[in-house]
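Accompanying notes for the structure given below.
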Amino acid sequence: CTRTLWMAPLARAAVAARRINVVWFKCTDFRTHDHAALKAAHAEGLPVLHLYVFDPFWHSNTTRICRFPKTGALRTRFQLECLADLSARLEAVGHHLCTRVGVSTAACFEELCTDYVVNAVFAFHEICSEELAIERKVKEVLRRHSQGPLRLFWGFELYHRDDLTFDPARSKGAFNSYTGFRKRVEENSWVRPTSQETPVFSTGAGCAVRWPKSDTQLPTTCEVMGATYDPAFDPGEEKDDRAEFRWRGGETAALERVRTYIWEEDSLGLDYVGATMTTDPAKSCMRDKAMSKLSPWLAHGCLSPRLLYEEVQRYERERRKSKGTYWIIHEMIWRDFVRFASIFAGTSIFKIGGPNNVHPTWRWSSDMEMFTAWRDGKTGFPFVDCFMRELKTTGYCNHMGRECSGWFLIGDLGMDWRMGAEWFESVLVDYEPTANWYNWTYRCLPAATRGGAHGFLVHDPGHRLQGQEILRWGTQHDPDATYIKRWIPELASLPATVAREPWRLGTNEPGDGAREAGGLRPVPSGRFNVNRPKLQVVLSMGFEESAAAIALYRAWDDPDAAVALLLREAEEEAAGGSEEEDDLARAIELSLKDGTPAAPPAAPGAPSAAGPICVDESEAEAETQVARRGSEPMPFRYGVDYPKPIITPVSLRDTVVEEDAARRAQADRDRQIASQRRSGRGRDQFSKDSWEQARQRRPAETPTAAGQGKGVVGKSQGRSGTWQRGGRASADSAPSGDGEGHPQSSASAAGGGNGGGGSGSGGGAGPPST
């Protein structure tokens with residue numbers, strides 16, 4: 001025993017004398033293919049130690065403003081799976097992955113320098129300030145111990161930095177617009193082949209290094225996160241039934257997804273829509289297989305963008321060229337755009353004004369109650385809430401969901417956008433700092449310029465929805481509200497139009513006018529008068545004119561109270577078991593044609609509004625309804641089963657027309673895809689130039705452009721064809737402005753230097769949530 005204890009220090013001293021190369025893996029290069037740093041480390045004939053550090057700064061730290069876990073449970077679990085796979089792949093070629101938990105990166109290298117002679121440390125370049133600060137600390141440790149250098153390599157991007165024709169640290173003009181950047185790299189740069197950076201692993205005795213101080217096994221999610229771990233935000237390893245699939249971390253799973261999606265399912269050429277295609281009504285990015293879902297593996301470096309590029313090129317040669325194959329490369333170029341542009345922008349992407357120093361005329365809000373409603377998907381706006389609930393559950397939602405939610409947080413709630421960016425940083429499974437923070441400043445922050453009253457909304461109860469993207473895109477991409485109902489099951493029983501805009505039938509208790517007058521008037525006999533603009537408010541919801549006029553008269557010209565009365569009458573009739581149920585259902589369907597009074601239903605006074613009937617009942621009334629209906633399900637109770645909007649909502653006219661157009665376009669595309677699959681047709685004729693010209697003709701997408709022009713139904717009855725839901729504002733009052741003499745407007749300033757134009761200028765691209 002004494003001899004063994006005496007020999008151990010000699011063994012450690014012998015280990016310390018070894019000269020080694022170190023491959024420092026980080027969260028952006030969990031792979032063994034196309035890895036320049038790995039190749040260089042193994043090319044020098046020295047033993048190689050492969051290292052990953054669970055630095056508490058990343059894994060058990062919190063964000064600066066909201067104190068969210070810097071790396072949440074979903075991404076932590078994904079990273080642990082990545083590391084398990086990386087370890088297995090290294091073991092398969094005779095090497096080991098050494099990990100350290102609970103020590104900083106600098107402290108880990110301090111220990112490493114005392115145990116070995118470090119010839120050099122090999123790693124990937126980083127871009128953002130926090131990552132660069134850790135790099136500087138590692139360099140200082142190596143210098144202080146007279147060890148070899150930190151050698152950095154480019155490998156996260158599609159285009160190598162050395163192959164750019166400009167210096168991203170100096171050339172501001174390259175990042176004035178995405179389109180300008182894309183043209184520069186497409187015309188003047190090239191994508192290096194992956195074979196150029198394929199590692200050849202050293203073999204033989206002594207080539208593999210297992211550091212005695214490394215962990216004997218990978219930690220658990222809870223162990224990595226420490227005090228920041230909260231089981232309430234950890235959905236666990238099981239796939240949620242509503243999710244298309246669950247990501248498993250690692251290079252093996254990434255390559256399998258490429259093989260399955262591109263080659264086995266043929267989805268790239270047939271189903272793929274992409275993260276940023278929001279203009280074509282035939283293509284909905286909210287459908288399964290519309291996205292490659294490769295972004296978590298790309299963000300963690302499990303999949304090289306160059307390998308994906310080569311697979312797309314091979315697919316085009318062997319099967320077909322299509323809009324999908326062109327678009328996925330377009331999105332990989334966007335990924336490089338935000339990456340290289342962040343070099344030029346520096347720390348400005350983390351500041352509230354962003355690179356363009358945007359400062360609205362109103363005060364940013366930090367109301368945590370309102371922010372929590374946004375974070376948890378309980379704003380009362382289903383198109384926002386469905387994405388936020390998906391994000392919280394799975395760590396992912398598509399780019400359109402991220403962008404619309406960001407616009408809503410900034411332009412409609414007036415919240416400090418950095419709070420949203422921090423939540424995304426914590427929960428996104430495909431988080432990468434430039435893709436997250438640069439996109440918030442480039443794509444979402446311009447929403448702060450669209451005007452209207454913002455900020456501390458308790459002092460501005462007349463505030464209403466400014467950006468109609470969440471209405472128009474909901475109609476176009478989810479015409480049957482399938483996606484909304486998947487993630488918000490409370491709305492599952494409602495018709496599509498009402499599920500997207502539940503405030504259409506979500507009246508509150510009778511309005512002030514009816515209460516102050518002591519209740520309802522009796523049913524009129526003979527001639528009676530009602531306020532015409534207020535009657536139009538009720539008619540715009542699809543009620544028959546005479547029934548609406550009678551209800552409005554009885555409710556003392558209060559549109560909310562009139563609609564509540566019509567709904568109660570309809571519910572009572574429905575509870576009685578009408579023999580004409582089918583006819584009523586057809587009338588209900590017809591009534592959803594916004595702005596056009598529906599054909600009279602079978603019985604006078606019955607509403608042709610979408611059902612099931614939405615009422616806001618007291619508990620006693622609810623118990624009475626249940627007792628009367630026996631086993632019949634409770635009707636949807638607006639404001640109880642699903643929250644009312646946290647700001648005043650608006651609705652759109654001609655919704656059913658747009659729904660039908662989207663359904664037809666998507667059904668036609670489904671038939672085309674099915675036909676192509678049956679026929680096994682080869683190469684399609686696809687012209688990139690002609691398709692780009694077609695995109696130019698589509699309306700530009702800015703933070704407000706989707707709601708411009710006729711058809712937006714808003715607050716003021718003084719404007720033709722508008723109506724407002726909720727609140728006690730006068731139905732014939734003009735917009736109140738923002739409280740500082742600025743009129744409310746949906747017009748948006750240009751975003752990011754190119755007008756934010758997604759379809760015309762290419763600025764509509766987004767983060768690499770492919």
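The values are calculated or read from the model by the stated rules, or taken from the named source; none is laboratory data. Since we're looking at a predicted model, the values are computed, not measured. Glycine gets a Cβ as well: all are built from the backbone with ideal geometry, and neighbour counts include every protein chain shown. For the accessible areas, the whole protein counts, side chains as well, though only heavy atoms, and no ligand, DNA or RNA atoms are used. Shrake-Rupley method; radii C 1.70, N 1.55, O 1.52, S 1.80 Å.
For this structure, a couple of remarks:
- One residue stands out in segment 159-179 among those that are acidic (Asp, Glu) and part of a helix (DSSP H, G or I): the one that is surrounded by the most Cβ atoms within 10 Å (Cβ to Cβ), namely ASP163.
- LEU307 being buried (at least 23 other Cβ atoms within 10 Å of the Cβ) and either assigned to a helix (DSSP H, G or I) or not polar (S, T, N, Q) (or both): no
- Candidates are the residues of segment 243-271 that are aromatic (Phe, Trp, Tyr) and part of a helix (DSSP H, G or I); the one that is surrounded by the most Cβ atoms within 10 Å (Cβ to Cβ) is TYR261.
- Test for LEU142: is it surrounded by fewer than 17 Cβ atoms within 10 Å (Cβ to Cβ) and closer than 30 Å to PRO168 by Cβ: no
- Taking segment 358-370 as the range and being out of contact with any Phe, Trp or Tyr (no Cβ under 8 Å at 6 or more places or on another chain) and either among the charged types (D, E, K, R) or in a helix (DSSP H, G or I) (or both) as the test, the residues that pass are MET368, GLU369, MET370.
- Residues located in segment 484-499, provided they are assigned to a loop (DSSP other than H, G, I, E, B), open to solvent by 50 Å² or more (accessible area, probe 1.4 Å) and touching a helix residue (DSSP H, G or I) at 6+ places or on another chain (Cβ under 8 Å): ALA492
- Some residue of segment 334-357 being in contact with a His (Cβ under 7 Å, 6 or more places away or on another chain) and not in a helix (DSSP H, G or I): yes
- Taking first residues from segment 521-548 that are aromatic (Phe, Trp, Tyr) and partners that are surrounded by 13 or more Cβ atoms within 10 Å (Cβ to Cβ), the Cβ contacts under 6 Å between residues at least 6 apart in sequence or on separate chains come to PHE528/TYR553; PHE543/LEU566; PHE543/PRO607.
- Those residues of segment 378-435 which are crowded, with 24+ Cβ neighbours inside 10 Å, small (Gly, Ala, Ser) and in a loop (DSSP other than H, G, I, E, B), in sequence order: GLY395, GLY414
- Residue within segment 44-63 that is modelled with pLDDT under 95, open to solvent by 50 Å² or more (accessible area, probe 1.4 Å) and out of contact with any Gly (no Cβ under 8 Å at 6 or more places or on another chain) present: yes
- Test for THR179: is it at pLDDT below 95, out of contact with any strand residue (DSSP E or B) (no Cβ under 7 Å at 6 or more places or on another chain) and closer than 16 Å to MET332 by Cβ: yes
- Failed item, numbered, when ALA133 is tested on (1) open to solvent by 20 Å² or more (accessible area, probe 1.4 Å); (2) under 29 Å from ASN188 (Cα atoms); (3) in a helix (DSSP H, G or I): (2)
- Neighbours by Cβ (under 7 Å, 6+ apart or cross-chain): first from segment 75-92, assigned to a helix (DSSP H, G or I); second open to solvent by 30 Å² or more (accessible area, probe 1.4 Å) and of a type in the set (Phe, Trp, Tyr): ARG75/TYR431
- Restricting attention to segment 64-123, the residues being surrounded by 18 or more Cβ atoms within 10 Å (Cβ to Cβ), among the small types (Gly, Ala, Ser) and farther than 18 Å from PRO149 by Cβ number 3.
- Cβ-Cβ distances below 6 Å connect the following pairs, each with a first residue in segment 437-448 that is in contact (Cβ under 8 Å) with a residue 60 or more places away in the chain, a second residue that is open to solvent by less than 10 Å² (accessible area, probe 1.4 Å) and of a type in the set (Val, Ile, Thr), and a separation of six or more residues or different chains: TRP437/ILE349; TYR438/VAL338; TYR438/ILE349; THR441/ILE349; CYS444/ILE410; ALA447/ILE410; ALA448/ILE410.
- Residue list for segment 256-271, restricted to those being on the phi < 0 side of the Ramachandran plot and either in contact (Cβ under 8 Å) with a residue 24 or more places away in the chain or under 20 Å from the mean Cα position of the chain (by Cα) (or both): ARG257, VAL258, TYR261, ILE262, TRP263, GLU265, SER267, LEU268, GLY269, LEU270, ASP271
- Residue in segment 55-73 that is among the acidic types (Asp, Glu) and on the phi > 0 side of the Ramachandran plot present: no
- Among the residues examined, PRO212 qualifies as more than 29 Å from the chain's Cα centre (by Cα), in contact (Cβ under 8 Å) with a residue 24 or more places away in the chain and open to solvent by 70 Å² or more (accessible area, probe 1.4 Å).
- The one condition in (1) open to solvent by 30 Å² or more (accessible area, probe 1.4 Å); (2) outside any loop (DSSP other than H, G, I, E, B) that ASP240 fails to fulfil: (2)
- Within segment 334-359, being under 25 Å from GLU157 (Cα atoms), of a type in the set (Val, Ile, Thr) and either surrounded by fewer than 19 Cβ atoms within 10 Å (Cβ to Cβ) or without any contact (Cβ under 8 Å) to a residue 60 or more places away in the chain (or both) holds for ILE343, THR347.
- Residue within segment 97-118 that is out of contact with any Lys or Arg (no Cβ under 7 Å at 6 or more places or on another chain), outside any helix (DSSP H, G or I) and at positive phi present: yes
- Restricting PRO149, PRO219, PRO193 to those that are farther than 30 Å from GLU331 by Cα and open to solvent by 30 Å² or more (accessible area, probe 1.4 Å) reduces the list to PRO149.
- Where a residue in segment 652-679 is open to solvent by less than 70 Å² (accessible area, probe 1.4 Å) and its partner, wherever it lies, is of a type in the set (Lys, Arg) and modelled with pLDDT of 85 or more, with Cβ under 9 Å and at least six apart: LEU652/ARG472; THR655/ARG500; GLU658/ARG472; ALA665/LYS283; GLN666/LYS283; GLN666/ARG287; ARG669/LYS283; GLN676/ARG320
- Residue in segment 360-371 that is touching a residue at least 40 places away in the same chain (Cβ under 8 Å) and closer than 26 Å to GLY474 by Cα present: yes
- Residue list for segment 133-180, filter: without any contact (Cβ under 8 Å) to a residue 24 or more places away in the chain and polar (S, T, N, Q): SER146
- Counted residues, segment 288-301 - those being over 16 Å from GLU126 (Cα atoms) and in a loop (DSSP other than H, G, I, E, B): 7
- From the list GLY226, GLY274, the one residue that fits, being farther than 26 Å from ALA92 by Cβ, in a helix (DSSP H, G or I) and either in contact (Cβ under 8 Å) with a residue 24 or more places away in the chain or open to solvent by less than 20 Å² (accessible area, probe 1.4 Å) (or both), is GLY226.
- THR32 being of a type outside the set (Gly, Ala, Ser), modelled with pLDDT of 95 or more, surrounded by 18 or more Cβ atoms within 10 Å (Cβ to Cβ) and part of a loop (DSSP other than H, G, I, E, B): yes
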